[in-house]
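This report refers to the structure that appears directly beneath it.
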Amino acid sequence: FYTFGDIYLDNMRDTAQYNRETFNLEQVDVLRGSAAMLFGRGQAGGVINQVSKMAEIGDKHTITGSVGEYDYHQFTGDFNKQLTDTAAIRVNVMDRYEETYRKNPTTGDSPALDRQGVAISFGAGIGTENEFFLNHLYTQTRDIPDFGIRFFNKRPLNEAGNGASDRTFWGDDNNFDDSDTRITTGIFTHKFTDDTQIRTQLRHANYQRGY
């Protein structure tokens with residue numbers, strides 16, 4: 001099944017083909033059932049809803065980092081600042097880079113992921129009858145993609161008896177998968193009672209990708 005119509009971001013269908021990152025996600029909802037009956041146009045298996053991190057009352061700051069082999073590193077920051085009794089701003093940032101054990105034996109080039117992102121959420125009227133959030137997400141990728149192992153006589157090269165190895169990268173630094181994604185969402189919620197509300201969302205997004 002093609003699944004572009006089954007991926008949502010904050011309850012709105014998110015159909016673009018881009019590399020989604022998790023640094024700005026509070027949680028991921030997996031909703032199973034007939035898409036045609038429950039969610040409108042889509043496939044048979046339900047939907048995946050990404051829930052963004054949003055501004056909240058209280059100050060909270062978190063920094064994470066990890067390093068590994070093949071130049072791997074990833075750093076994230078999550079900073080939430082309360083501005084008034086009912087307003088706050090939250091900023092999330094991410095930087096990640098990694099290569100693999102596969103190399104081009106001629107040039108020494110390796111496939112790589114090089115990605116950065118920043119997300120800003122401003123909230124007003126948080127916890128009141130009228131809540132408004134304005135969120136903006138920007139992610140950038142400058143990847144060198146790995147298209148896998150070539151085939152020869154209907155077999156992977158490392159099984160064809162010609163001495164090739166799965167450590168061989170068949171591309172070079174001229175391969176690229178570059179993208180710039182900008183998503184801005186405004187969310188207004190009016191609460192009639194504790195269990196009844198109306199929610200209005202407006203989104204503008206720009207997706208640029210070349211590969």
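The values are calculated or read from the model by the stated rules, or taken from the named source; none is laboratory data. Quick caveat: nothing in here was measured; it's all calculated off a predicted structure. Cβ: placed from backbone, ideal geometry, glycine included. Neighbour counts: every protein chain shown. These area figures cover heavy atoms from the full protein model, side chains too; ligands, DNA and RNA do not enter into them. Shrake-Rupley method; radii C 1.70, N 1.55, O 1.52, S 1.80 Å.
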Just grab the label-to-label distance for N130 and T107, each label 7 Å out from Cα along the Cβ direction, in nm (one decimal). 5.8 nm
Expected output is a single nm value to one decimal: the length gained when fully extending between F4 and F188, i.e. 0.36 nm times separation in residues minus the C-alpha distance. What is it? 63.6 nm
Hey, of (1) 15.3; (2) 18.2; (3) 13.1, which did the structure itself give for mean projected area of the Cα convex hull in nm² when calculated? (1)
Mind ranking E99, E26 by accessible surface for me, highest first, 1.4 Å probe? E26, E99
Provide L137, L31 ordered by accessible surface of protein heavy atoms (probe 1.4 Å), highest first. L31, L137
Counting DSSP beta bridges with both ends in the chain, the antiparallel % (nearest 5): 95 percent
Which residue, T100, T200, T15, has the most motion in a Gaussian network model of the chain that connects Cα atoms within less than 10 Å? T200
Starting from the residue with the highest accessible area, list Y18, Y211 in decreasing order, probe 1.4 Å. Y211, Y18
Simple label model, 7 Å out from Cα along Cβ direction - T196 to Y97, nm: 5.6 nm
